[in-house]
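Working notes for the structure below.
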Amino acid sequence: MSKVAVIPKPNAQVELREVSLPELEKDSALLQVELSEVCGTDVYLQQGRLQGVPYPLVPGHVSVGRLSKIRGTMLDVEGQEFREGDRVTFLDVHRTCNACWYCLVAKATTRCPHRKVYGITYGLDDGLCGGWAEQVYLQPGTRCIHLDADAETFMAGGCALPTALHALERGEIAIGDTVLVLGSGPVGINAVILALMRGALRVFCVVAPANRLAAATQVGASAVLNFEEHDERERLEWILERTDGRGADVTIEATGAPDAVVQAMRFTRDAGRVVIVGQYTDHGPVSTFNPHLDLNRKQLDVRGCWGSDFSHFYRGAQIVSDPVRSKPWAALKPGLSRYKLAEANEALAAVAGGRVLKALMDPT
């Protein structure tokens, strides 16, 4: 048996249940969960704001643990065989077909119509397919990655690390660029770290709530502004003062607020680049957008960024496993908050209220 934390239906409290362990299929495994994540997506799952979610659901789409049981053979991308006891993480996206138009022609595997996601589009009826559990069933074809980092350092990045890595890739940040990050949740904090790693000269961050200012500064932001204390005009003046009146070369929107998309365009220099990564959930339309002034006259390159693929996940795991490159995430560990499975509702409330830098589910 395995204890699991379950969202039974939208707008319902999380319940603690026990479920039977599955019979393993060929080339599958059980993962003994060390840590899983409580992220903004999980808040939206509880609120019923994502489409196509098969409730009841065990959340937790990014986790780390040790392989407790393997049936058959599981290989990494280098052809090395996994062994029971190995510490791994795994790509939460499963069943990407590599055969459809999006996979083969558009080279956009995140838009594959066959993809399923652990903890989001796999429900409890599909088995132990979420990380808010003592064990996760890794179905055949699940892509695991050896993890040399300790579990907490990896989870300091969590799902935000590959997501931010994808966003920075979409932004094509060049050496010497000035980057503005809107939002200081996990994706925003990871974007600051990775922008500097990619060669940005300066990274500015518009932050809220106040407890996130120190975290953004700690990971290398050149300057931070609490947007709750400044209106849009004052935010624009703030970034213009620091960029010779031009605006940022690249702006990463990682807030989830629709108005921030328009502000990202206004805060970016003419012929600059804007990446929208914070709109994973439909928060509604924006009525203040002026196509002429905000986009066309500025000759902006505006790019959406949806999720991540294996390459982002793999490279993220490699970075946090490196003794030198992992230092920014290791430094965030004191700010992580752990919750037991029975405390899942408290964890969701803390994330929804922005009271914690990062919430982790600890089944042990």
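Percent of alpha carbon pairs in the chain separated by more than 34 Å? Here the long-distance tail beyond 34 Å is 25 percent of all Cα pairs in the chain. Between Leu75 and Gln299, the contour length at 0.36 nm per residue exceeds the Cα-Cα span by 76.0 nm. With the cut-off at 1.5 for a/c, could you classify segment 43-154 from its C-alpha gyration tensor as rounded, prolate or oblate? It is oblate, given that a/c is not under 1.5 and a/b is not larger than b/c.
Here Ala349 and Glu241 are evaluated by their C-beta separation; at R0 = 45 Å the FRET efficiency comes out at 0.75.
Would you mind classifying segment 157-273 by shape? Square roots of the alpha carbon gyration tensor eigenvalues, ordered a ≥ b ≥ c; an a/c under 1.5 is rounded, otherwise it is prolate if a/b is larger than b/c and oblate if not. It is rounded, given that a/c, with a ≥ b ≥ c, falls under 1.5. Taking amide H as placed 1.01 Å from N in the peptide plane, Arg338 has its amide H under 5 Å from the amide H of Leu360, each at least 5 places away in sequence or on another chain. Indicate the gyration tensor shape class of segment 95-157 (rounded, prolate or oblate), computed on the Cα atoms with a ≥ b ≥ c the square roots of the eigenvalues: a/c under 1.5 is rounded; otherwise a/b larger than b/c is prolate and the rest oblate. Oblate, because a/c is 1.5 or more while a/b does not exceed b/c. Surface listing: Trp132, Trp101 arranged by accessible area from highest to lowest gives Trp101, Trp132, probe 1.4 Å. Relative contact order of segment 19-95: 37 percent, from C-alpha pairs under 8 Å at least 6 residues apart in sequence. Helical runs (DSSP H, four residues minimum) scored at -39500 (n - 2.57) apiece and divided by the length of the chain put the mean residue ellipticity at 222 nm at -7000 deg cm²/dmol.
For segment 257-271, 3J(HN,Hα) computed residue by residue from phi via the Karplus equation (6.51, -1.76, 1.60; θ = phi - 60°) reads 8, x, 4, 5, 5, 5, 4, 4, 5, 6, 8, 9, 5, 4, 6 Hz, glycine and proline entered as x. Were the residues from Asp270 through Phe289 laid out at 0.36 nm apart, the gain over their Cα-Cα distance would be 5.2 nm. Take Thr153: with every protein chain present and a 1.4 Å probe, its accessible area is about 10 Å². For Asn226, the amide hydrogen comes within under 5 Å of the amide hydrogens of Val207, counting only partners 5 or more places away or on other chains and with H modelled in the peptide plane. Show which lysines lie in cross-link reach of Lys107 when reach means a straight Cα distance below 25 angstrom and same-chain residues fewer than eight apart are skipped. Those lysines meeting the cut-off are Lys116. Placing R0 at 35 angstrom, the Cβ-Cβ distance between Asp282 and Arg83 gives a FRET efficiency of 0.20 after rounding to 0.05. In order along segment 224-236, the Karplus-derived 3J(HN,Hα) couplings, from 6.51 cos²θ - 1.76 cosθ + 1.60 at θ = phi - 60°, round to 10, 9, 7, 5, 5, 9, 9, 7, 4, 4, 5, 5, 4 Hz, and Gly and Pro are given as x.
Report, in degrees rounded to the nearest 10, the 0 to 90 angle that the Cα long axis of helix 310-320 makes with the longest principal axis of the chain. With both axes taken from Cα atoms, the answer is about 80 degrees.
Which of the lysines could a cross-linker span from Lys3 if the Cα-Cα distance has to be under 18 Å and same-chain partners fewer than 8 positions apart are dropped? The reachable lysines, counting only those whose Cα sits under 18 Å from Lys3, are Lys69, Lys340.
Projected over all directions and averaged, the alpha-carbon convex hull of segment 44-98 occupies 5.7 nm². Using the Cβ-Cβ distance between Glu228 and Arg49 with R0 set to 22 Å, the FRET efficiency from 1/(1 + (r/R0)^6) comes to roughly 0.45. Near Asp86, the amide H atoms lying under 5 Å from its own belong to Leu67; only residues 5 or more places off or on other chains count, and H is placed 1.01 Å from N. Highest GNM mean-square fluctuation among Leu91, Leu213, Leu293, for the chain modelled with Cα contacts below 10 Å: Leu293. Among the GluC sites (Glu not before Pro) found in segment 56-94, those both in a DSSP coil and sparsely packed, with 16 or fewer other Cβ atoms within 10 Å of their Cβ, are Glu78, Glu84. Among the protein heavy atoms, those of Glu241 account for about 140 Å² of accessible surface (1.4 Å probe, every chain in place). Computed with a 1.4 Å probe on the full set of protein chains, the accessible area for Tyr102 sits at about 100 Å². Taking every C-alpha pair closer than 8 Å and separated by at least 6 residues, the mean separation divided by the residue count of the chain gives a relative contact order of 19 percent. Note on segment 152-218: Cα-only Rg and Dmax are 11.3, 32 Å.
The values are calculated or read from the model by the stated rules, or taken from the named source; none is laboratory data. Just so you know, these numbers come straight off a predicted model, no measurement behind them. Cβ atoms come from the backbone with ideal geometry, glycine included; neighbour counts cover every protein chain shown. Surface areas here come from the heavy atoms of the whole protein model, side chains and all, with no ligands, DNA or RNA. Shrake-Rupley method; radii C 1.70, N 1.55, O 1.52, S 1.80 Å.
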